[in-house]
Amino acid sequence: MHIIKKTISAEQKRLVIPISILVLFLSIQCERVIDVDLNNVEPRIVIEGALYSDLLPSQIQLSYTSDFFSSTETIVVTGGSVQIVDEAGK
């Protein structure tokens, strides 16, 4: 069995304290709670879609907006109609 001793140079010893302080500084986490007052507003209709070429059908979904912290699921609009036209109105 061989025992290997590794000596630390004087320059490495000088770096130990600054590096230790840097690691300690970076590991300390500051935390501050910020309460954001988000206004509640009336739900609005959202039109969300993906338009593809003629080879694939386009997908359109109508839903209502909800409050940011709301735990309810998105309310989907049913029976709605969306018309997609180009610049020429076709």
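Could you tell me what percent of the accessible area of the chain is made up of carbon and sulfur, with a 1.4 Å probe and every protein chain present?
Summing carbon and sulfur atoms, their accessible area is 57 percent of the total for the chain.
Within the range 5-48, which GluC sites (Glu not before Pro) sit in a loop by DSSP and count at most 11 neighbouring Cβ atoms inside 10 Å?
Counting only loop positions with at most 11 other Cβ atoms within 10 Å, the GluC sites (Glu not before Pro) in the range 5-48 are GLU31.
With each run of n ≥ 4 DSSP H residues scored as -39500 (n - 2.57), what mean residue ellipticity at 222 nm is computed for the chain after dividing by its residue count and rounding to the nearest 500 deg cm²/dmol?
Calculated mean residue ellipticity at 222 nm is -7000 deg cm²/dmol.
By what distance, in whole Å, do the Cα atoms of the range 20-90 stretch along each of the three principal axes, largest value first?
That works out to 68, 32, 23 Å along the principal axes.
Which whole-number percentage describes the relative contact order of the chain, with Cα contacts under 8 Å and a sequence gap of 6 or more?
16
Let me know the charge dipole size of the chain about its Cα centre in debye, to the nearest 20, where only the beta-carbon of Lys, Arg (+1) and Asp, Glu (-1) is charged.
Using Cβ point charges on Lys, Arg, Asp and Glu, the chain gives about 1120 debye.
The values are calculated or read from the model by the stated rules, or taken from the named source; none is laboratory data. All figures in this text were calculated on a predicted structure; none of them were measured in a lab. Positions of Cβ are backbone-derived with ideal geometry, glycine not excepted, and every protein chain shown enters the neighbour counts. Accessible surface areas use protein heavy atoms only, side chains included; no ligands, DNA or RNA. Shrake-Rupley method; radii C 1.70, N 1.55, O 1.52, S 1.80 Å.
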